[in-house]
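Report on one structure; see the data block that follows.
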Ligand SMILES: [Zn+2]
């Protein structure tokens, strides 16, 4: 099969011919039809050099975070999955035997990592050795526990967005967003931001405060549901007072922090400080600078700051069901597909998207 492999951290991808792997145990073999590319991939490839404390796929490495395709072979212990089923592969990988894994809290496993992307400690090298396949290849092996079955009305290109949709969904759930809450999405025009808006609409959130810089993309966000979404551009100053005014003077119940890498920490603080008493902030963004915190303010206002990492396969199934019923609308996304041998062009395209998070860049291996 053809696979786009990286042979070194500062190299371009090479199209290599490698053996199609055989599924064993409870693994399945997936023919990849689309794999999402996010702007952050460029940072991740660079991070392999300067963040060695994280784990990365071993060279020559097959990256590719968000694969979708169809099952073409199943291992002997994956009898409930069938050849021909259309699937999204949740890239979350874990050890399977530690106390967290055995208790079902797999994202808290010391070895947790995202296949075809990176792990969160050197311990993730273990699962990466077991599953070295990402989505930038014609075929990949995936554990049955990672398989999200797709409804007929979700295309492979849309499914290649499930990683960021699932992350948004998990963050909204963790912050208890729902039909009686006001939700502020900070960084509302990026990949995670647009995903969070779509999921908040699907989950019945009646009022969404969308905050970002780009006024054109913000207007596209507002038009998704003008009766439920109001917008604020950071070009017009901090969002704190505006967000309070838009929520009866009290502030939003939930903030989803989805700002991209390099965002100023003040932008996070302005959104955090808008929260109503008892409010919850879920952090899923790429802003990694330290924040000065004010412990008495958290205590006196009963504020929670929640770190949210990725999502479970079960939550992936929830997203698939919402897309199947139409409560989750994916028709606003526009897709740009590249063949495997133009992967470097696809990464460049992901970094220069005019419609922000509405643009969906995928590889079709
Ligand atoms: Zn574990």
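Bear in mind that the values in this text are calculations on the coordinates, not laboratory data. In this text, all values refer to a predicted model and were calculated from it rather than measured experimentally. So basically every Cβ, Gly included, is an ideal-geometry build from the backbone, and we count neighbours across all protein chains shown.
A few notes on this one:
- Stretching residue 98 away from residue 225 to a fully extended chain increases their span by 41.3 nm, per 0.36 nm per residue minus the current alpha-carbon distance.
- Candidates 288, 311, 56: whichever shows maximal mean-square fluctuation once the chain is modelled as a Gaussian network with Cα springs under 10 Å: 288
- Stokes-Einstein, applied to the Kirkwood radius of segment 257-341 over Cα pairs at a viscosity of 1.567 mPa s and 4 °C, places its translational diffusion at 81 µm² s⁻¹.
- Mean Cα-pair separation over length for the chain, i.e. relative contact order, pairs under 8 Å, 6 or more apart, %: 19
- Label-point separation, residue 85 to residue 50 (7 Å along Cα→Cβ), nm: 4.3
- Considering only the chain, percent of DSSP beta bridges that pair antiparallel, nearest 5: 55
- Overall form of segment 35-190 per C-alpha gyration tensor (a/c, 1.5; a/b vs b/c): rounded
- All-pairs Cα distance distribution in the chain, expressed in whole percent, bin size 20 Å: 31, 58, 11, 0
- Ranked for footprinting exposure by Cβ neighbours inside 10 Å, fewest first, 98, 35 give 98, 35.
- Each Cα pair under 8 Å and six or more residues apart adds its separation to the average, and for segment 23-68 the resulting relative contact order is 56 percent.
- q = 0.18, 0.20, 0.26 Å⁻¹: log10 I(q)/I(0) that the Debye formula gives for segment 146-228, counting C-alpha atoms only: -0.77, -0.92, -1.29
- Rg over Rh for segment 198-262 works out to 0.94, both radii taken from alpha-carbon positions and Rh defined as the Kirkwood radius.
- Per residue, the convex hull spanned by the Cα atoms of segment 49-91 measures out at 124 cubic angstrom.
- Cα extents of segment 165-307 along the three principal axes, largest first (Å): 39, 32, 29
- Segment 165-307 - percent relative contact order, Cα under 8 Å, separation 6 or more: 24
- Most fluctuating residue given options 64, 75, 92, as computed from a GNM of the chain linking Cα atoms under 10 Å: 75
- Relative to the longest principal axis of the Cα atoms of the chain, the long axis of helix 191-202 lies at roughly 70 degrees.
- Value of D in µm² per second that Stokes-Einstein yields for segment 1-110, Kirkwood Rh from Cα pairs, at 20 °C (1.002 mPa s): 133
- Using alpha carbons only: equivalent-ellipsoid semi-axes of segment 70-136, gyration tensor based, whole Å: 23, 15, 10
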